Amino acid sequence: MSTDRYTSPLSERYAGKEMQYLFSQDKKFTTWRRLWIALAEAEMELGLSENGRPVITQEMIDEMKAHADDINYDVARKREAEVRHDVMSHVYAFGKQCPKAAGIIHLGATSCYVGDNTDIIIMRDALRMIRRKLVNVIAELAKFAEKYRDMPTLAFTHFQPAQPTTIGKRATLWLNEFVMDLEDLDYVCSTLKLLGSKGTTGTQASFMELFQGDQEKIDRLDPLIAEKMGFDDCYPVSGQTYSRKVDTRVCNVLAGIAASAHKMSNDIRLLQHLKEVEEPFEKNQIGSSAMAYKRNPMRSERIASLSRYIMIDALNPAVTSATQWFERTLDDSANKRISVAEGFLACDGVLDLCLNVVDGLVVYPKVVEKHLRSELPFMATENLMMDAVKRGGNRQELHEKIRTLSMQAGKRVKEDGADNNLLELLAADDSFPLDLQELEDAMQPERYVGRAPQQVKRYLDEVIRPILEANRDDLGMQAEISV
């Protein structure tokens with residue numbers, strides 16, 4: 001590891017090895033070579049010839065395939081220092097290894113043939129990797145929601161106590177946003193196409209020359225390349241590059257996942273402050289350099305931190321797409337090399353963290369119940385009023401009585417730091433027709449969670465289980481967290 005120059009924390013601390021490989025030099029340049037092989041094979045199969053003799057032979061193809069993976073980086077780097085062009089440097093280096101095929105490598109293509117098609121291939125592969133991790137996060141959250149489906153907890157609006165829900169129901173709110181992200185990812189991934197080989201301005205003029213104007217052969221070229229590279233099709237029209245709006249759509253998917261992860265991590269951080277729920281904390285983990293007792297939610301905080309980066313990073317492809325000139329301009333290149341790669345690397349790290357946190361979430365039921373019961377008398381007042389009316393009480397008079405005594409109990413809690421004594425106040429009031437025992441018997445949290453348990457069961461059965469069943473071969477991932 002270099003210690004005398006900048007290295008990205010995304011590689012050293014956050015992203016997994018598999019995602020790092022997808023954006024590595026090896027992946028990039030071996031894909032270039034496979035694209036050159038696919039182009040040469042397609043041209044040969046379409047009968048590219050000169051004076052009745054084939055321009056490309058199987059011997060040339062075999063020679064190229066033999067050197068698809070052993071990239072002579074030293075030759076390419078030396079050449080690039082001379083010509084200042086990465087694609088032509090690698091054409092040259094490949095040709096040095098394949099002397100018989102040297103003259104036909106990159107025939108009829110522009111730099112974007114290898115550059116753009118490789119970017120699409122890598123984004124597709126990276127989306128599939130993100131998808132697998134996303135499905136595993138959904139699976140772990142589903143287990144958590146099922147386990148705590150029935151456990152009442154205080155709900156919040158505006159982070160103020162509100163009608164109770166269940167811990168499982170709250171987890172389905174996190175789940176549902178990740179499911180929406182999965183739907184977006186599947187749509188974008190299913191619509192990705194290769195650029196193909198369209199030429200300098202997208203007109204395929206070079207192939208008009210190579211194939212002597214044979215329109216049928218030229219029409220077959222892109223579909224052949226797509227098939228060889230594992231795609232259904234190529235974009236029907238383009239300039240020299242595929243539309244940079246493709247990068248925007250892809251990175252917006254990553255930003256959506258980041259937003260869902262950020263929301264969940266915020267909730268967990270707030271719950272950890274309340275001591276109701278806690279993220280995993282390892283035996284030898286240090287929470288604070290100064291305060292030895294602390295158990296900070298550092299993984300959830302890291303989720304939030306990286307997620308903000310991803311959401312802001314998605315602006316780069318959007319602005320790049322909007323500012324392209326006519327058929328091509330090069331102010332996209334340096335930006336997309338960084339923004340697309342780092343968006344994926346950061347998202348990979350976020351999902352690893354989500355998987356790790358959700359898999360090890362700890363719930364403290366007694367704290368949950370304590371908080372709920374401290375507020376439950378206020379939440380239960382409508383039910384208590386209806387019970388009292390059944391005993392012959394006057395609804396309007398009871399409403400006013402409850403309002404007055406609730407204000408009194410609330411003042412005691414806030415100003416004196418004392419317990420909520422609303423039930424005692426109501427029982428002591430002669431005009432309220434329920435005694436203390438009856439009031440306390442009414443304080444059953446399950447009575448106030450509405451249909452939360454049923455909603456969780458239905459959601460898991462009807463929405464989540466079909467997703468998990470369809471993706472069962474991808475389940476069972478374990479996240480590795482570096483620090």
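The values are calculated or read from the model by the stated rules, or taken from the named source; none is laboratory data. Small disclaimer: the values here were computed from a predicted structure and weren't measured. Because the Cβ atoms are built from the backbone with ideal geometry, glycine has one as well, and the counts that use them run over all protein chains shown.
Considering only residues in segment 92-132 that are without any contact (Cβ under 8 Å) to a residue 24 or more places away in the chain and assigned to a helix (DSSP H, G or I), the one that is farthest from residue 211 (Cα to Cα) turns out to be 93. Scanning segment 443-475 for residues that are aliphatic (A, V, I, L, M) and touching a Leu at 6+ places or on another chain (Cβ under 6 Å) yields one hit, 443. Given the conditions (1) in contact with a strand residue (DSSP E or B) (Cβ under 9 Å, 6 or more places away or on another chain); (2) assigned to a helix (DSSP H, G or I); (3) closer than 30 Å to residue 257 by Cα, which single one is not true for residue 196? Here residue 196 meets the rest and fails (2).
For first residues located in segment 206-226 and without any contact (Cβ under 8 Å) to a residue 60 or more places away in the chain and surrounded by 15 or more Cβ atoms within 10 Å (Cβ to Cβ), partners that are in a helix (DSSP H, G or I) and of a type outside the set (Val, Ile, Thr) and lie 6+ apart or on another chain with Cβ distances below 6 Å form the pairs 218/207.
Look at segment 262-291: where a residue is over 26 Å from residue 370 (Cα atoms) and a partner is at pLDDT 85 or above and not hydrophobic (A, V, I, L, M, F, W, C), sitting 6+ places away or on another chain with Cβ atoms under 6 Å, you get 262/307. Residue pairs whose Cβ atoms lie under 7 Å apart, sitting 6 or more positions apart in sequence or on different chains, and linking a residue in segment 438-458 that is part of a loop (DSSP other than H, G, I, E, B) to a partner that is β-branched (Val, Ile, Thr) and modelled with pLDDT of 95 or more, are 449/165; 449/166. Report yes if residue 459 is of a type outside the set (Lys, Arg) and over 30 Å from residue 299 (Cα atoms), otherwise no. Considered against the rule, which asks whether it is of a type outside the set (Lys, Arg) and over 30 Å from residue 299 (Cα atoms), residue 459 comes out as no. Scanning segment 399-436 for residues that are surrounded by 11 or more Cβ atoms within 10 Å (Cβ to Cβ), part of a loop (DSSP other than H, G, I, E, B) and of a type outside the set (Gly, Ala, Ser) turns up 419, 420, 421, 429, 432, 433, 434, 435.
Can you tell me how many residues within segment 473-483 are surrounded by 11 or more Cβ atoms within 10 Å (Cβ to Cβ) and not polar (S, T, N, Q)?
5
The one condition from (1) more than 14 Å from residue 225 (Cα to Cα); (2) in a helix (DSSP H, G or I) that residue 34 does not meet is (1).
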